[in-house]
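Remarks on the structure that follows.
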Amino acid sequence: MKTKIAIVDDHKLFREGIRRILDFEQSFDVVAEGSDGLEVLKINDEQEVDVFIIDINMPNMNGAAATKSLLEKNPDAKVIILSIHDDESYVTHVLKVGARGYLLKEMDSDTLIEAIKVVSQGGSYLHPKITHNLVEEFRRLSLKEQLFKSREIEVRRPLHLLTRRECEVLQMLADGKSNRAIGEALFISEKTVKNHVSNILQKLEVNDRTHAVVTAIRNSWVEIK
């Protein structure tokens, strides 16, 4: 079964570039394209789509509004938002209306493909840079709490749950690194990294890497750099 994808972006050249990338992936099938938010709803009525890739800034109806309207009609729809904005307020808003993913338009093809695969399987995916920004926000809040309580935050490795290698991978997820970057840093294959990430999610009892990072930060299992 191929993952059926709809691409909605008002920039035709960018949309075509995304399609060319996805056409090389045998497990993907781009079934529809659109250029504004209203077309998201039209595509939903006319096509069976597994994952919608929607630009956040579009005429007639922006991506966040389109996502909200889409999910009101089709609660099972899965949406990845494309944006040039890495500001936390944008990310928080689209996640609140129901998007499963948020990618910056500076992404590489591997990140796009990985995001679609994760979201199509029911997970969530944030661009690595966004994950880094969230870590920075947690860092700011942690430092504020540290000053308030006048004590140092103890970093406790979750060796009662994870292996040492899985701890290393978890730390790199918190650093905002992609699977490829983790593999290069640890001199292991990308497939091995994916296996480690899968084990981490299972052991931490979370659905995706973003929640794994949040759990690790809350428990002081990773160093916030």
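The values are calculated or read from the model by the stated rules, or taken from the named source; none is laboratory data. Fair warning: this is a prediction, and the values are worked out from it, not measured in the lab. Ideal geometry is used to build each Cβ from the backbone, glycine not excepted, and the neighbour counts take in all protein chains shown. Please note that ligands, DNA and RNA were not included when accessible areas were found on the heavy atoms of the full protein model with its side chains. Shrake-Rupley method; radii C 1.70, N 1.55, O 1.52, S 1.80 Å.
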**OP:** Would you rank Ile84, Ile217 by solvent-accessible area, highest first, keeping every protein chain in place and using a 1.4 Å probe?
**Re:** Ile84, Ile217
**OP:** Could you state how much accessible area Met58 has, in square angstrom rounded to the nearest 10, with a 1.4 Å probe and all protein chains kept in place?
**Re:** 20
Subject >> Residue-normalised accessible area of the chain, expressed per residue, 1.4 Å probe, Å² >> reply: 54
Subject >> Largest-first ellipsoid semi-axes for the chain, taking √(5λ) over the Cα gyration tensor eigenvalues, angstrom >> reply: 33, 20, 14
Original post:
Heavy-atom accessible area of Lys194 with all protein chains present, probe 1.4 Å, nearest 10 Å²?
Top reply: 100
Subject >> Residue-count net charge about Lys129 - beta-carbon cut-off 10 Å; Lys, Arg +1, Asp, Glu -1 >> reply: -2
Subject >> Relative contact order of the stretch 163-217, defined on C-alpha pairs under 8 angstrom at six or more residues apart (%) >> reply: 36
**OP:** Report, to the nearest 10°, how far helix 63-73 tilts away from the longest principal axis of the Cα atoms in the chain, using its own Cα long axis and a range of 0 to 90°.
**Re:** 80
Original post:
Projected onto the charge dipole of the chain (+1 at Lys/Arg Cβ, -1 at Asp/Glu Cβ, origin at the Cα centre), which of Pro158, Gly63, Leu13 gives the Cα projection farthest towards the positive end?
Top reply: Pro158
**OP:** Show Tyr125, Tyr90 ordered by accessible area, largest first, where the area counts protein heavy atoms only and the probe is 1.4 Å.
**Re:** Tyr90, Tyr125
Subject >> Greater than 24 Å apart at Cα, pairs in Lys12/Lys96; Lys73/Lys203; Lys2/Lys194; Lys42/Lys68; Lys12/Lys105; Lys68/Lys194 >> reply: Lys12/Lys96; Lys73/Lys203; Lys68/Lys194
**OP:** Tally up the carbon and sulfur contribution to the accessible surface of the chain as a whole percent, 1.4 Å probe, everything protein left in place.
**Re:** 48
Original post:
How high is the relative contact order of the chain, in percent, with contacts defined as C-alpha pairs under 8 Å that are six or more residues apart?
Top reply: 14
**OP:** Calculate how steeply helix 128-149 sits against the longest principal axis of the alpha-carbon atoms of the chain, using the helix alpha-carbon long axis, and give the answer as 0 to 90 degrees to the nearest 10.
**Re:** 40
**OP:** At q = 0.28, 0.30 Å⁻¹, what is the base-10 log of I(q)/I(0) for the stretch 159-209 according to the Debye formula with one equal point scatterer per Cα and no solvent? Please give it to two decimals.
**Re:** -1.15, -1.28
Original post:
What area, in nm² and to one decimal, does the C-alpha convex hull of the stretch 1-111 cast on average over all directions?
Top reply: 6.4
**OP:** Taking H placed 1.01 Å from N in the peptide plane, check which residues at least 5 places from Glu223 or on another chain put their amide H under 5 Å from its amide H.
**Re:** none
